[in-house]
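Input: a single structure, listed below in structure tokens.
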Amino acid sequence: MVRFALPLALLPLATAAVAQTADVPADTAAKAAAARAERNAVLTKALPPEQAAMKAHVMFLASDAMRGREAGSEEYDIAAQYVASQFYAAGLRPAGDDGGYLQRVPLVSYKPADKGSFALGTDGRKRKLTFGEEYVPSGNPEAAVTKVGAPIVLVGQGIVAPGHDRDDYAGVDVRGKIVAVVRGAPESYDGEQRAHFGSTSTKAAIAAAHGAAGVVILDPGSLERAAKYYDHARVTWADAQGNGHPAAPGTPILGTIGGKAAGRLLDAAGLTADDLTSERFRAVALPVTLTATVNTAREAMESSNVAGILPGSDPQVGDQVVVLSAHLDHVGVGDPDDTGDTIYNGAEDNAVGIASLIEEARRFKASGKPPKRSILFLAVTAEEKGLVGSDYFARHPTVPKDKLVADVNLDMPILTYPFEDVIAFGAERSTLGPIVKQAARDAGVAFSPDPMPEMGLFVRSDHYRFVQQGIPSVFLWPGEKGPGKAAVEEFFDKHYHQPSDQIGKSGIDWAQGVRFIDVNYQIARQIADAEKRPAWNRGDFFGTLYHGYGAK
């Protein structure tokens, strides 16, 4: 799960490829043996059939043999074949490429090939900047070599939000120029809008819409951390020519300018760093040019989404498609824990979500009552790389795009406690909200509002890629009533993106897993059988922004 929206370049764990090979001390080996014995005892414990079925999926997907299911790995491919076989067993029809269950997702791993070069020019004189102190380049997935030279325009946080009477581009023409933006968004915005406008991808897209030739991040502070991780690989999907899909095609994010160079740009504008984040900020065209060369190393990768469909039965709405999504990948192999374990198994994140998806498909088939609308069960790749597999599917669906009417996403449901309520991030934005609330009541659990709106989680999992295509979507989670809050905090403190996220350590309660599947089934059934297709609430920010059905 992508929870905190950190730049992937600053997450070395997610890109680690091999385990450390140092000799394991005797006490560490003993701890590892004890941990294996404890886990085996948990693995072999007998359970009722429904719980056992769910656990069996997680036993396979989160086993050491899957080595963390990193997108692009052979182990991920095996996991995808497993899910395809389970979709077949559940009676789903293939909904991938060429009559199969797999949708090929062409991936590109990219990173700066070297330090490149940045130079600032004033009055016809150029001054080369110092790597790591004054600039750090960013890789450009679109091209191996990127050269841009143009005047700089300071646009503050780079926000254009008519609903907030905010336009950081007012009064300037940035066509063919390089815009310099600072990170973040106003604290006065709600958590979801703040996460949206604070994203560098959003800032780049806004710059592209205004005709900018490139984007640089302005960071008056130290670049030490950014320089340390600057050449860690990131991942996106590739177009037919093999070029990676960037945040804003044609308007590359060139890198970050900091230190003394950032100070000189502020001095040239007569501004302080605080001025750039003021809601009263006005853009400034500087008498300074930036000449940047960024060299990018790119490597093609292969992965797959897995798609199976249960056709709708109603002659009027049967061709409309409700998507139930969950990500299949995790973060692979990385640094060892105190037992020497280097495999990040990803049981909760997100083998449990995939197991829920499979068992939900079985319930639909076993009910003997086909849904009125079609239901597409979708296991996506490369979520941990930045919601890449879901973005590829939402842009290149294997069913007619105009027939996609909703997405319900399952990402890392924490099932270590008897949950008393459920949360559906984004429920208040569309007519999916009342459906989810009623389904929760029918399943015997309460419905709670987002307990952490400041985190903006609505924009941080795979459903958001469907939102960006105008499709009403929600992200479902067990709630935090009763023991929930403490359990969630414990998971993030001890197991999130750690080798301990595995059966036998994270404490999965399989009875709660079955209850969670019950809620999922009720929600999907009611969406699929509803009289009307889901619609955005009129005037909703995201519905309007992405031209969604019902928003206008």
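Only the coordinates and a few stated rules stand behind these numbers; no lab work does. This structure is a prediction, so every number in the text was calculated from the model and none was measured. Neighbour counts are summed over all protein chains in view; Cβ atoms, including those assigned to glycine, are modelled from backbone coordinates with ideal geometry.
Compute the length gained on full extension between Ala113 and Ala33: take 0.36 nm times their separation in residues and subtract their Cα-Cα distance, giving the result in nm to one decimal. Don't skip to the end; give the middle numbers.
On the way: separation 80, 0.36 × 80 = 28.80 nm, distance 4.16 nm.
Working it through step by step, the gained length comes to 24.6 nm.
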Simple label model, 7 Å out from Cα along Cβ direction - Arg125 to Ser278, nm = 3.0 nm
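So what's the chain giving for Rg/Rh, alpha carbon basis, Kirkwood Rh from the mean inverse pair distance? If you can, show how the numbers build up before the last one.
Numbers: Rg = 24.1 Å, Rh = 24.5 Å.
Reported Rg/Rh (Cα atoms, Kirkwood Rh): 0.98.
Normalised by the number of residues in the stretch 110-298, what is the relative contact order in percent for Cα pairs under 8 Å and 6+ residues apart?
On the way: 439 pairs, mean separation 78.0, N = 189.
Reported relative contact order: 41 percent.
Show me the trypsin sites (Lys or Arg not before Pro) within the stretch 131-209 that DSSP assigns to loop and that have at most 12 other Cβ atoms within 10 Å of their Cβ. Display every interim value, and only then the final one.
On the way: sites: Lys147, Arg166, Arg175, Lys177, Arg183, Arg194, Lys203; in loops: Arg175, Lys177, Arg183.
In loop regions of the stretch 131-209 (DSSP not H, G, I, E or B), the sparsely surrounded trypsin sites (Lys or Arg not before Pro) are Arg175.
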Going by C-beta contacts inside 10 Å, put Phe516, Phe492, Phe281, Phe118 in order with the fewest on the left.
-> Phe492, Phe281, Phe118, Phe516
Across all directions of projection, what mean area in square nanometres is found for the Cα convex hull of the stretch 142-245?
-> 8.4 nm²
Which ordering of Asp335, Asp421 is given by a fewest-first count of other beta-carbon atoms within 10 Å?
-> Asp335, Asp421
Could you tell me how many degrees, from 0 to 90 and to the nearest 10, lie between the Cα long axis of helix 510-529 and the main elongation axis, the longest principal axis, of the Cα atoms of the chain?
-> 80 degrees
Share of pairwise Cα separations in the stretch 125-194, more than 15 Å, in percent = 69 percent
For Arg264, what charge total do you get from the other residues with a beta carbon under 11 Å from its beta carbon, if Lys and Arg give +1 and Asp and Glu give -1?
-> 0
Please state, as a whole number in µm²/s, the translational diffusion coefficient that the Stokes-Einstein equation yields for the stretch 380-489 at 20 °C and 1.002 mPa s, with Rh defined as the Kirkwood radius across alpha carbon pairs.
-> 146 µm²/s
Could you tell me how many degrees, from 0 to 90 and to the nearest 10, lie between the Cα long axis of helix 74-89 and the main elongation axis, the longest principal axis, of the Cα atoms of the chain?
-> 40 degrees
The stretch 200-291: Rg to Rh, with Rh as the Kirkwood radius over Cα pairs | 1.00
Could you work out how far apart the two model spin labels at Gln241 and Lys365 are, taking each label as a point 7 Å from the Cα in the direction of the beta carbon, and quote it in nm?
-> 4.3 nm
Distance in Å, no decimals, from the C-alpha centre of the stretch 321-351 to the one of the stretch 123-202 is 33 Å
Along the Cα-to-C-beta direction of Asn40, a point sits 7 Å from the Cα; which residues of the stretch 495-520 have their amide N less than 18 Å from that point?
-> 503-505
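If each residue's Cβ is checked for other Cβ atoms within 10 Å, how do Thr202, Thr122 rank with the fewest at the top?
Working: Thr202 20, Thr122 13.
So the ranking, lowest neighbour count to highest, is Thr122, Thr202.
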Report, to the nearest 10°, how far helix 200-209 tilts away from the longest principal axis of the Cα atoms in the chain, using its own Cα long axis and a range of 0 to 90°.
-> 60 degrees
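In a shell of Cβ-Cβ distance under 15 Å around Gln241, excluding Gln241 itself, what net charge do Lys and Arg (+1) and Asp and Glu (-1) give? Show your work: numbers first, answer last.
Working: positive: Arg298; negative: Glu142, Asp239.
After counting each charged neighbour, the total is -1.
If you take the square roots of the eigenvalues of the alpha-carbon gyration tensor of the stretch 444-552 and sort them as a ≥ b ≥ c, do you get rounded (a/c under 1.5), prolate (a/b over b/c) or oblate? Don't jump to the answer; show the numbers that get you there.
Details: a/c = 2.34, a/b = 1.67, b/c = 1.40.
In terms of gyration-tensor shape, prolate.
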Which whole-percent values make up P(r) of the stretch 110-298 when all C-alpha to C-alpha distances are grouped in 10 Å steps starting at zero?
-> 10, 38, 38, 13, 1
Which value in nm describes the separation of the simple spin-label points at Ala300 and Glu224, placed 7 Å from the Cα toward the beta carbon?
-> 4.2 nm
On full extension of the chain, what length is gained from Lys260 through Val145, given 0.36 nm per residue of separation minus the C-alpha to C-alpha distance?
-> 38.8 nm
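For the chain, what does -39500 (n - 2.57) per DSSP helix run (n ≥ 4), summed and divided by total residues, give at 222 nm, in deg cm²/dmol to the nearest 500? Present the calculation step by step, with values, prior to reporting the outcome.
Details: 15 runs with 161 residues, N = 552.
Rounded to the nearest 500, it is -9000 deg cm²/dmol.
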5 Å-binned pair-distance histogram of the stretch 334-437 (Cα, whole percent) | 2, 8, 14, 18, 24, 17, 8, 4, 3, 2, 0
